Amino acid sequence: MGNSQTESFEKMIGAISRLLKNGEMVVTGTLSPLPAAGCLLAKHTHAPDLEPMLYGDPENRLSEGLHEFFGVAQKGKVDVFFLSGLQIDRQGSINLSVIGDYDRPKLRLPGGAGSAMLYSMSRRTILFTMTHTKKLFVPKVDFVNATAFDGEVKTPWRRGGLSHIVTPLCIMKFDDEKKRVVLDRLLPGVTLEEVVENTGFDLEAAGRDIPVMEPLTEEERIALHGPVLEKMRTIYPLVCRMIWG
């Protein structure tokens, strides 16, 4: 994988790390290498008391697999969980089921699994994507698997909702008052025009001074290429080989 792609992923890992707070219990599910790396980076830098529960970690054996994760969330112990989607819309809803009409889809996917429950029962949910396109960030998803907030009918078990979205281009955040996703900051080397051109809805950036995330510090780089990568190779060996060789 090229250096530019590696740098892009490392920026995302840094962004995710900085969104995590010391003392939080942070859970990552399947196929979440960048969030897992972000959790480890946070723990090795600014959040030494972070409690990462990384699915697939050989040192964190779960007797009942994902069911055990669900149980932890249902007990109210999860501060942060990570989700993604093939589509994400301006209200923070995610689609993991179909593209197009449900009965005659262009593409059918495995589905949401426990995403609806985890989205509502975790105190904060951070969405992440490995790409940033208009096909992914749409005005309204074709199918709703999980929502950032309750509608007219309130669910008594909802503890939280969407906090941020991290992409290769930027960090978005959820505006609780407006109930929609807005642009928070750009990743280093990315222009506002790039973000706007690749997003299918208005991020309300007009007239605002959008800050740029600070590059990774020397401390973060040393931790990422040292203990974080060493641990990651035990959880995601193939992904690590693709990104870092």
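The values are calculated or read from the model by the stated rules, or taken from the named source; none is laboratory data. What you see is a predicted model, and the numbers here were worked out from it, not measured in a lab. Cβ placement follows ideal geometry from the backbone for every residue including glycine, while neighbour counts extend to all protein chains displayed. For the accessible areas, the whole protein counts, side chains as well, though only heavy atoms, and no ligand, DNA or RNA atoms are used. Shrake-Rupley method; radii C 1.70, N 1.55, O 1.52, S 1.80 Å.
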Looking at region 73-115, which of its residues are buried (at least 17 other Cβ atoms within 10 Å of the Cβ) and in a helix (DSSP H, G or I)? A73, S115
Subset of region 119-137 [open to solvent by 20 Å² or more (accessible area, probe 1.4 Å), under 18 Å from G200 (Cα atoms), of a type outside the set (K, R) and more than 13 Å from the chain's Cα centre (by Cα)]: T133
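Table: residues versus (1) part of a loop (DSSP other than H, G, I, E, B); (2) open to solvent by 20 Å² or more (accessible area, probe 1.4 Å); (3) over 15 Å from T125 (Cα atoms).
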| position | (1), (2), (3) |
| --- | --- |
| A15 | no, no, no |
| G23 | yes, yes, yes |
| V26 | no, no, no |
| A36 | no, no, no |
| A42 | no, no, yes |
| T45 | yes, yes, yes |
| F69 | no, no, no |
Per the filter on region 148-163, residues surrounded by fewer than 21 Cβ atoms within 10 Å (Cβ to Cβ), in contact with a Ser or Thr (Cβ under 7 Å, 6 or more places away or on another chain) and within 24 Å of V98 (Cβ to Cβ) are T155, G161
Among the helices (runs of 4 or more DSSP H) contained in region 187-238, which hold 2 or more residues that are at pLDDT below 95, of a type in the set (D, E, K, R) and farther than 21 Å from I165 by Cβ? none
Checking V181, V195, V190, V166 in turn, the sole residue that is under 22 Å from T45 (Cβ atoms), open to solvent by less than 80 Å² (accessible area, probe 1.4 Å) and of a type in the set (A, V, I, L, M) turns out to be V166
